[in-house]
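One structure is given here, and the rest of the page talks about it.
The values are calculated or read from the model by the stated rules, or taken from the named source; none is laboratory data. Note that the structure is predicted; figures quoted are calculated from it, not measured. So basically every Cβ, Gly included, is an ideal-geometry build from the backbone, and we count neighbours across all protein chains shown. These area figures cover heavy atoms from the full protein model, side chains too; ligands, DNA and RNA do not enter into them. Shrake-Rupley method; radii C 1.70, N 1.55, O 1.52, S 1.80 Å.
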Amino acid sequence: MATRKVKINKTIVDGLKAGETVWDTELFGFGVRCQKKTKVYVYKKFYNGQQRWFSLGKPSEGMTVAQARDAAEIIIGNIRSNNDPALIREGRINRPTVKDLCERFLTDYAEEHKKPSSIRMDKKNIQNHILPLLGKKFVSDITLSDIDRFKRAVKDGKTAKPLSSTSRGGSPVKGGAGAANRCLSLLSKAFNLSIRWGMRTTNPVQHVQKYKEKKVERFLSENEFMALAEAIRTIEKREKTNPYAIAAIRLLIFTGARRSEILTLQWSAVDLDEKVIKLADSKTGAKLVYLNPPALELLSTLDRQSENPYVLCGLKPKSHLYDVNRVWKHIREQASVNLNLQNEKIQGLLNENTVDEDTIYLGKLKRLAEVEGIELSVGLMNLRLHDLRHSFASVAVGGGMSLPMIGKLLGHTQTATTERYAHLADDPLKQANDAIGLRLQGLMQSKSKKLMVMKNG
């Protein structure tokens, strides 16, 4: 059987003839053999007094040279760790799958280094996207092409699924570019760790390009703010409305804090005398949330439960409020009704049907408008709770506050995070620029006092 040594690549493998064996010049013991009917990657090692051969896989079954090298590296790692070669013969037995890697990522890395909210998001992405598409594949077999196909599948909604009829809360799995990008970040970290853990030698995610995402930033206008405030007052009067849910939404509006920071807020962190909330931990670490007069008044009058440490109490004893989605949905619907009622056509429609404004709700308004062929505005139905934080910043910018000051109020650690609001200062700047221009124009058109005196003289 003819043998030779050369750096093994696809061209070398494709050109092999029956009876030839090629040994790699870079990884000692790694080779490829061409038998009568098939080619096979192999690894040869003198171990425990005898020479052992390991079959790594076949090019005809889709194994690439890079995957074969990884499989050989794993065997080398096992041998160095004194694992029995009998257990790793054929290079596939006991090889970790992507599912195994994800489980170890969560237990050995995420639970030690990431915040609970981030771990929950990682678990969702693993369960909803990564396991269905990659879970059964061997870690050492994953290629750049596999990751590229994975990101397109998630972006195109291949893993999307609606909520089942038995689901209690939560959101449907939609996929999309954003979900694909978050999964790529997770996988990149996991595969970096897999190199450290001896599962493979390269990171297949390293050169996969993420999708460009358009940041969704919704800012409330003054008119929308007033419609929202009126809707909150309306929903608050309903008998079954949870007062803590209303308080949560008001605090989000007044403080610009993140949802998790408000829902999990404890009284021990609230200092009414210093007018501040002292968070020991947040998305960006320890943080101060400053309390303005309306936020202070709300916290001062909020009903406290003696044995509950949380500001916003949940249904279970000593628990915090977990979900405001239902109340938030009702508020957005009512606010959208309020905004549409400002339309003269809608007002005329209600007058024609003798409908009282105080009894109208969004579904009924849609049906009436559909009959008359009137298109309703979206109103605030596309407003997210996080947009209240953006709107807090927009009000600050409109009031002439500097970006560094806004960044401190919002708890940003990176100036780039706050700079997203820079464009909101356009209107005040334009107004100031217009005023300067008019003033200059007036000066340019007027005559100097000296010239006027000489002319009069």
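A few comments on the model shown:
- Cross-linked pairs K212/K287; K151/K408; K114/K212; K37/K136; K17/K151; K158/K316: Cα-Cα separations exceed 27 Å for K212/K287; K151/K408; K37/K136; K17/K151; K158/K316.
- The range 272-358, relative contact order in percent, only Cα pairs under 8 angstrom and at least six apart counted: 12 percent
- Gyration tensor verdict on the range 106-160 (Cα atoms; rounded if a/c is under 1.5, prolate if a/b is larger than b/c, oblate otherwise): oblate
- The packing ranking, built from the mean of other Cβ atoms within 10 Å per residue, places the peptides 338-344, 388-394, 4-10 in the order 388-394, 338-344, 4-10, highest first.
- Given their separation in residues at 0.36 nm each and the Cα-Cα distance between them, R233 and K275 gain 12.6 nm when the chain is fully extended.
- Summarising the label geometry, the points placed 7 Å from Cα in the beta-carbon direction at I195 and R218 lie 4.1 nm from one another.
- Note on K210 and F28: the model spin-label points, each 7 Å out from Cα along the C-beta direction, lie 4.2 nm apart.
- Peptides ranked, highest mean first, by Cβ atoms within 10 Å: ranges 265-277, 112-124: 265-277, 112-124
- Values of log10 I(q)/I(0), in the order q = 0.17 Å⁻¹, for the range 197-350 under a Debye, Cα-only, solvent-free model: -1.04
- Normalised alpha carbon radius of gyration of the range 207-274 [divisor 2.2 N^0.38 Å]: 1.56
- Note on the range 183-294: with neighbouring protein chains present and a 1.4 Å probe, carbon and sulfur make up 51 percent of its accessible heavy-atom surface.
- The range 119-231 - Rg and Dmax from Cα coordinates, angstrom: 18.1, 60
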